[in-house]
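The next block holds one structure in the form of structure tokens; read it before the comments.
The values are calculated or read from the model by the stated rules, or taken from the named source; none is laboratory data. Just so it is clear, the model here is predicted, and its values are computed rather than measured. Cβ placement follows ideal geometry from the backbone for every residue including glycine, while neighbour counts extend to all protein chains displayed.
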Amino acid sequence: MDALATPPATDAASPLEREVARRRTFAIISHPDAGKTTLTEKLLLFGGAIQLAGQVKAKAERRNTRSDWMAIERERGISVVTSVMTFEYEGLVYNLLDTPGHEDFSEDTYRTLTAVDSAVMVIDAAKGIEARTRKLFEVCRLRDIPILTFINKMDRETRDPFDLLDEIEKTLALDTAPVTWPIGRGRDFAGTFDLTRQRVRLIDPDGRHSPLSEPIDPSDTAAIAKLAPGVDAAATAEELALVRDACNPFDLAAFREGHLTPVFFGSALRNFGVGDLLDGLGANAPSPRAQQAAGRTVEASEPRMSAFVFKIQANMDPNHRDRIAFARLCSGKLTRGMKAKLVRTGKQMSLATPQFFFAQDRALAEEAYAGDVVGIPNHGSLRIGDTLTEGEELSFVGVPSFAPEILRRVKLADAMKAKKLKQALQEMAEEGVVQVFRPADGSPAMVGVVGPLQLDVLKNRLSAEYSLDIGFDSSEFQLARWVTCEDPKRLDEFATANRSGMAEDLDGDPVFLASSAFMIGYTGDRWPGIVFTDIKDVK
Ligand code: G4P
């Protein structure tokens, strides 16, 4: 099948369908340092979203503009915010959802992955599959998200490309289909051979997107040597013959089902291979997919607007203490000023200032379609997992909460501020900064996190935004599990019998706190019918 066919037909029947068809909403998954930031910058350059290379990469600058308030981020030099960047390229609208690099904020990343239709997996050509790539890949696989692979840093010493493909296939159980093939590597990296079009693209020394050559026969060593004089043309021709004989051809259906990944080789730093990757996304990545709600599936081209919130971010602009809910549109058309129903409360809210985000700017979103992500400023009315509709009682499922790996009791320096702390923790939990569990015995609230940096963020923000000075006490509990039972009476009996270990989460759902995995197993054995889970869909 032609890997780089022309973009899918946009002559679909209705204007709404046309808008849906031209959208690609995706994220980049990678291990830290593989080149996600550099690739993001280069993708945005293609879309004209930024004028000069270096604007996204300028992490110092990014810190100033996006999250100056968070001293901890400055100190540690990590990005802990997630946002979205929209750009247009060759008639298509790309929504790139950014994910935090640090694993302590992986909950944020998992939630963001519920809002994309495809992902680009960036692999360092010298390192291959690393731990975090693998973990994030597994999250994508749970949702059958199609994945394109970009093997980066081909301009450095690399592993053998066949080895890298083999590793992807073996460790991820994912078929690979190279779309381009490197000509030379490391210092000799000259460009790639486009396996679909049988043409060569050479690196432009100035980082421009160079044109493809005329078609050449991959076994024609003289032609290769002429185009790329520095490389071993015979070795390249040999590799290309092996690729032809041994590698899978691209198969759109297998890709869309998440069984096969098209592979592109390049160097984000040298701005090479990025255009081919973008073409691959445009031609083959799915347009916004149907989304699962409780009771029914919502098609992207349905006329009525629906959306869900997957991320809340406070203080994006240090000059205006603001709180933005990021909502992914699932169907219909959002028009600025329209009224939407917040299904959890049944209340109407006016979408007066929905926003689109670009590399450095934001703009009012006059209209948005399925696949788009809009930021909705609010003062606490929206929570992660919320569904917005034009009136329908609909609840999207699949924005998950994960059982925390660390539990701490919050220690308040000034006991007079207990009420304020309660409110502050509620808001932090609604934003997804931490999870909060309120013990049934009335003892102080517990916070649960996946990684310790989240505790630092909580402490910093409570101090900066609420003037609350807190500390953390370790707790006798190490684990939290949501408990459910088909028989509500039995669940009540369980809660009463285990009162000292029971707590409520943000939604009021019962949680069992335990000192060890052994305790959970032991209690489970004694209470058949009670189900203990470590993942919960946010309501
Ligand atoms: P990340 O967001 O995945 O963590 O990676 P990032 O883009 O920040 O890249 C990590 C390092 O790898 C950076 O170098 C970056 O310049 C380099 N890099 C990215 N892509 C390529 C590539 O294609 N080829 C080569 N040779 N290097 C690449 P650094 O020295 O850590 O940072 P900086 O001093 O350049 O900011």
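Figures for the structure shown
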| read-out | value |
| --- | --- |
| Complete set of residues in the stretch 17-28 that are more than 16 Å from the chain's Cα centre (by Cα) and in a strand (DSSP E or B) | ARG23 |
| Subset of the stretch 118-144 that is among the basic types (Lys, Arg) and part of a loop (DSSP other than H, G, I, E, B) - its residue that is nearest to the ligand (Cβ to nearest atom) | LYS127 |
| Single match in ALA290, ALA300 (criterion: in contact with a helix residue (DSSP H, G or I) (Cβ under 6 Å, 6 or more places away or on another chain) and among the hydrophobic types (A, V, I, L, M, F, W, C)) | ALA300 |
| Within the stretch 29-47, considering residues that are more than 12 Å from MET121 (Cβ to Cβ) and in a loop (DSSP other than H, G, I, E, B), the one farthest from the ligand (Cβ to nearest atom) | GLY47 |
| Strands (runs of 3 or more DSSP E) fully within the stretch 150-232 counting 1 or more residues that are among the polar types (S, T, N, Q) and at pLDDT 95 or above | 175-178, 180-183, 191-194 |
| Among the candidates GLU486, GLU430, residue that is part of a helix (DSSP H, G or I) and among the acidic types (Asp, Glu) | GLU430 |
| Members of the stretch 433-472 found to be assigned to a strand (DSSP E or B) and over 11 Å from PRO404 (Cβ atoms), listed by number | ARG438, PRO439, ILE470, GLY471, PHE472 |
| Qualifying strands (runs of 3 or more DSSP E) (wholly inside the stretch 324-369; at least 2 residues being in contact (Cβ under 8 Å) with a residue 12 or more places away in the chain and surrounded by 15 or more Cβ atoms within 10 Å (Cβ to Cβ)) | 333-335, 339-342, 355-357, 367-369 |
| Given (1) on the phi < 0 side of the Ramachandran plot; (2) of a type in the set (Gly, Ala, Ser); (3) within 15 Å of the ligand (Cβ to nearest atom), number of the condition GLY191 does not satisfy | (1) |
| Residue match in the stretch 81-89 (condition: modelled with pLDDT under 85, within 14 Å of the ligand (Cβ to nearest atom) and either surrounded by fewer than 24 Cβ atoms within 10 Å (Cβ to Cβ) or more than 16 Å from ASN271 (Cα to Cα) (or both)) | yes |
| Some residue of the stretch 284-292 being in contact with a Gly (Cβ under 6 Å, 6 or more places away or on another chain), at pLDDT 95 or above and under 21 Å from GLY48 (Cα atoms) | no |
| Count of the stretch 216-236 residues which are hydroxyl-bearing (Ser, Thr, Tyr) and surrounded by fewer than 16 Cβ atoms within 10 Å (Cβ to Cβ) | 1 |
| Matching entry among GLY529, GLY521 (being part of a loop (DSSP other than H, G, I, E, B) and more than 19 Å from ILE406 (Cβ to Cβ)) | GLY529 |
| Yes/no for PRO211 being within 24 Å of GLY47 (Cβ to Cβ), within 16 Å of the ligand (Cβ to nearest atom) and free of Cβ contacts under 8 Å to residues at least 60 places away in the same chain | no |
| Residue check, ARG409 farther than 22 Å from ARG289 by Cα, in contact (Cβ under 8 Å) with a residue 40 or more places away in the chain and either in a loop (DSSP other than H, G, I, E, B) or in contact with a helix residue (DSSP H, G or I) (Cβ under 7 Å, 6 or more places away or on another chain) (or both) | no |
| Residues (out of contact with any Phe, Trp or Tyr (no Cβ under 7 Å at 6 or more places or on another chain) and within 16 Å of the ligand (Cβ to nearest atom)) located in the stretch 251-266 | VAL263 |
| Check on THR387, within 23 Å of the chain's Cα centre (by Cα), surrounded by fewer than 17 Cβ atoms within 10 Å (Cβ to Cβ) and either basic (Lys, Arg) or modelled with pLDDT of 95 or more (or both) | no |
| Residue list for the stretch 237-247, filter: crowded, with 17+ Cβ neighbours inside 10 Å and either more than 36 Å from the chain's Cα centre (by Cα) or under 24 Å from ALA119 (Cα atoms) (or both) | ALA237, CYS247 |
| Residue within the stretch 473-483 that is under 24 Å from the mean Cα position of the chain (by Cα), assigned to a strand (DSSP E or B) and modelled with pLDDT of 95 or more present | no |
| Among (1) part of a strand (DSSP E or B); (2) among the aliphatic types (A, V, I, L, M); (3) more than 14 Å from the ligand (Cβ to nearest atom) - the single one ALA115 does not satisfy | (1) |
